[in-house]
1. Filter the stretch 137-148 down to the residues that are more than 15 Å from residue 193 (Cβ to Cβ) and crowded, with 22+ Cβ neighbours inside 10 Å, then identify the one that is nearest to the chain's Cα centre (by Cα).
2. Considering only residues that are in a helix (DSSP H, G or I) and surrounded by fewer than 16 Cβ atoms within 10 Å (Cβ to Cβ), which ones fall in the stretch 485-518?
3. Of all the residues that make up the stretch 277-312, how many are over 26 Å from residue 475 (Cα atoms), part of a strand (DSSP E or B) and at pLDDT below 95?
4. Quickly run through the stretch 83-100 and pick out the residues that are surrounded by fewer than 19 Cβ atoms within 10 Å (Cβ to Cβ) and touching a strand residue (DSSP E or B) at 6+ places or on another chain (Cβ under 9 Å).
5. Given the stretch 72-157, what strands (runs of 3 or more DSSP E) lie entirely inside it while holding 2 or more residues that are more than 29 Å from residue 290 (Cβ to Cβ)?
6. Out of all the residues in the stretch 73-82, which are farther than 15 Å from residue 308 by Cβ and either buried (at least 21 other Cβ atoms within 10 Å of the Cβ) or touching a helix residue (DSSP H, G or I) at 6+ places or on another chain (Cβ under 6 Å) (or both)?
7. Among the numbered conditions (1) in contact (Cβ under 8 Å) with a residue 24 or more places away in the chain; (2) out of contact with any helix residue (DSSP H, G or I) (no Cβ under 9 Å at 6 or more places or on another chain), tell me where residue 237 comes up short.
8. Every residue in the stretch 471-518 that is over 16 Å from residue 327 (Cβ atoms) and in contact with a strand residue (DSSP E or B) (Cβ under 7 Å, 6 or more places away or on another chain), please.
């Protein structure tokens, strides 16, 4: 899909006198019109790329599976054929992302001489070994502001016992929020993780977590793991010797008989023996990273990202092609990269370097982007000016069936007011897309800000924009196919992202971060 074009670059040079020397004139900064380069991003090319990338041949691109291997080869071949260099100094486009799939553990936990077989009244998803007699009961296990369930307790080297939920006052309000609204401590999806993290920070060896409401859910997932001999995928670097065991009412009461009604922290004398073993399978997977070096500020970087994986094949053999999620973002990123290469070939190299990052394992928990940011950044994070993340930009969600020209923007104002203003200005100048910020709301129940790869940049204080068309009836279904993509919208949205990246890359100073990451 090689494009050829001759671009005339208008050089605007201020001349106060006719005696300007050639040397002085050569120092003038060229003013380059990016529109001709953006116009190389076309519906026809996007469609041709996506009909291949989201075809049955790629088998749904599940992380670590043969279809994902075909996907990374497709992406690498594109960059090679367009002479866009690899980001790694050794010329390898692939960044290996070591992954593991946790296997269903086996064993039992003995509490005060009563054996509890794993999967019945106790659940854990990793190995757990040890003998403990001093158990630190921390009630809800919450600590925030002036409130702490750890006051007077030394939990170093001990097991911590905590219950789900959070403390309330006599008026029925939650103490942390001061209202009738729960805080993150009482949220099922966040509470256990926050409490376990706090306990481990205080030196605990592990956590016993009593959650009678959600125990059946954990039990169901454990049963699925055991039946299918498979478990949760994670970064190999995340493997931990720390212990987290979930208890139901029977096992929790065997440890502390009044645990239902008594949430007062105290030390509990008990005999707890953990005898659980587990094993993991290793998975091979890759990010693909290309780079065009900047002309004036080559050591400052604008990262444009999309995820290359999808959810694979259903149990009954249907292929989830993932044309929108995130085939649309992937081919959009390829066309954006080619547009920047056209500029370079025409002598209009951007001032800052542009990184084109295709990450694996997004569908498994943002694994590829987290590996890139937290473990092995290909370019320095401290010199990364911004991340523009593209995840689903080819469709129309149900709220916009009568008004097609829209795009959800998430996160543009979270860290940099300047980035938000720049984004709005670029859109007015080049695209005239209706920006919808409803998912940018801190109280958005969908929590999309935390659910795509930009978040791993944002948590490192790097300004981001997440471009998103919203979900639809074909989301994560075999019916997400390339014939349903709106290629005119995909073209306009990809051009907008190119223009935004162009402006960030060519502005005189890097974006100011005037807000702190959460």
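1. At the first step, the residues of the stretch 137-148 found to be more than 15 Å from residue 193 (Cβ to Cβ) are 137-139, 145-148.
Narrowing further to those that are crowded, with 22+ Cβ neighbours inside 10 Å: 137-138.
On the way: 137: 34, 138: 32 Å.
The qualifying residue nearest to the chain's Cα centre (by Cα) is 138.
2. So in the stretch 485-518, the residues in a helix (DSSP H, G or I) come out as 487-506.
The answer is 488, and nothing else.
3. So the count comes out to 4.
4. 85, 88, 92, 94, 96, 98, listed by residue number.
5. 106-111, 114-117, 128-137
6. 82
7. Against the list (1) in contact (Cβ under 8 Å) with a residue 24 or more places away in the chain; (2) out of contact with any helix residue (DSSP H, G or I) (no Cβ under 9 Å at 6 or more places or on another chain), residue 237 comes up short only on (2).
8. Answer for the stretch 471-518, where residues must be over 16 Å from residue 327 (Cβ atoms) and in contact with a strand residue (DSSP E or B) (Cβ under 7 Å, 6 or more places away or on another chain): 500, 501, 504, 505, 510, 511.
The values are calculated or read from the model by the stated rules, or taken from the named source; none is laboratory data. Every value quoted in this text rests on a predicted model; they were computed, and no experiment measured them. Reconstructed Cβ throughout: ideal geometry from the backbone, glycine too, with neighbour counts over all protein chains shown.
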